[in-house]
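What follows is one structure encoded as structure tokens, with my remarks underneath.
The values are calculated or read from the model by the stated rules, or taken from the named source; none is laboratory data. Everything numeric here is computed off the predicted structure, so don't read it as measured data. Cβ sites come from the backbone with ideal geometry, for glycine too, and all protein chains shown count toward neighbours.
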Amino acid sequence: MNKLIAWIEKGKPFFEKISRNIYLRAIRDGFIAAIPIILFSSIFILITYVPNVFGFTWSKTMEGILMKPYNYTMGIVGLIVAGTTAKSLTDSYNRKLDKTNQINFISTMMAAMSGFLFLAADPIKEGGFLSAFMGTKGLLTAFISAFITVIVYNFFIKRNITIKMPKEVPPNISQVFKDIFPLSAVIIIIYALDLLSRTFIHTNVANAVLKIFEPLFTAADGWIGVTLIFGAFAFFWFVGIHGPSIVEPAIAAITYANLETNLNLIQAGEHADKIITPGTQMFVATMGGTGATYPVTLLLLKFKSNLPYIKCIDLTILIILSRNKVKLNLFNCTQD
């Protein structure tokens, strides 16, 4: 056992370095920023499709009315996450830059969202563009757009390759001219990537990326995959590293893409068969926190009088129940 622990401890610095990676943190924080929209849109899924379980089905007209808030929020979550991920990554880069020469996070958000449209939205003859890849199917592309944007901005701002205005010009006007070069470079680079994809692969970048990762997603979407993924949560915690900060960014795209796939299957009257979803994580694999600790709370409450070390058990229950800890446990939180 000591040899096993020693072997695991050797890898701890490497895993700690991964957990502090600014790109993984940007993905994680970008998703966290979008959670209000995800939670809001989920309400309308419940209202629309939970009654089906009890034999009640809304009319097609009513279903369309109920699903509109979902389609207009979760349906563009890829676009939103492109912006929030860019903002988070910009904050990380700014910590390394001089306080007087910072990257404008509002500009990077706009550039990342504009770039995402180039990579994920297909034009239509009547004008406008299709939104098929602007939701969860475009999440991987959203990360690509955000990363390209902030890296390009950092290159320009760090080297002061900007339009400099006289000191008499108001700061907000000066900032506009300062952002012109990096924003233009981002759009040109992303547009070139879009043209290459459409010329040689004959599809947009978002679809191409999905096709590349599809075999991996398919292989992972099973109970073995669930065991490995959520087992990794516990493994990293075991070696003293925040497991979700490493694993969640890697599976974020597949979990929300599967959620949309399941929704489409239900709408078509079929059985939802994708396993790796946020629901599986929250209500099965990590119910009560990493390691599914909520059942432990209930077991301690039920059998505490029959177990040895009663004082220790009583103390554990007191810690869990006092100061509303049971509420935290119900919401998958095990920390103080």
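Condition check ((1) in a helix (DSSP H, G or I); (2) modelled with pLDDT under 80; (3) among the β-branched types (Val, Ile, Thr); (4) more than 30 Å from Leu210 (Cβ to Cβ)) across all residues:
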residue	(1), (2), (3), (4)
Ile246	yes, yes, yes, no
Thr255	yes, no, yes, no
Glu260	yes, no, no, no
Phe283	yes, yes, no, no
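Here is a yes/no grid of residues against (1) among the aliphatic types (A, V, I, L, M); (2) crowded, with 16+ Cβ neighbours inside 10 Å:
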residue	(1), (2)
Ile18	yes, no
Tyr23	no, yes
Phe40	no, no
Met62	yes, no
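Conditions (1) closer than 24 Å to Ala142 by Cα; (2) of a type outside the set (Ser, Thr, Tyr); (3) buried (at least 18 other Cβ atoms within 10 Å of the Cβ); (4) not assigned by the TED database to the domain that holds Gly115, marked per residue:
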residue: Glu214; (1), (2), (3), (4): yes, yes, no, no
residue: Phe230; (1), (2), (3), (4): no, yes, yes, no
residue: Pro249; (1), (2), (3), (4): yes, yes, yes, no
residue: Lys274; (1), (2), (3), (4): yes, yes, yes, no
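Please state which one of Phe147, Phe133, Phe129, Phe105 is over 21 Å from Arg25 (Cα atoms), within 21 Å of the chain's Cα centre (by Cα) and assigned by the TED database to the domain that holds Ala250. Walk me through how you get there before you give the answer.
Details: Phe147 fails: over 21 Å from Arg25 (Cα atoms); Phe129 fails: within 21 Å of the chain's Cα centre (by Cα); Phe105 fails: over 21 Å from Arg25 (Cα atoms).
Result: Phe133 is the single residue among Phe147, Phe133, Phe129, Phe105 that is over 21 Å from Arg25 (Cα atoms), within 21 Å of the chain's Cα centre (by Cα) and assigned by the TED database to the domain that holds Ala250.
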Suppose the filter is out of contact with any Asp or Glu (no Cβ under 6 Å at 6 or more places or on another chain) and under 30 Å from Gly269 (Cα atoms); does Phe15 pass it? no
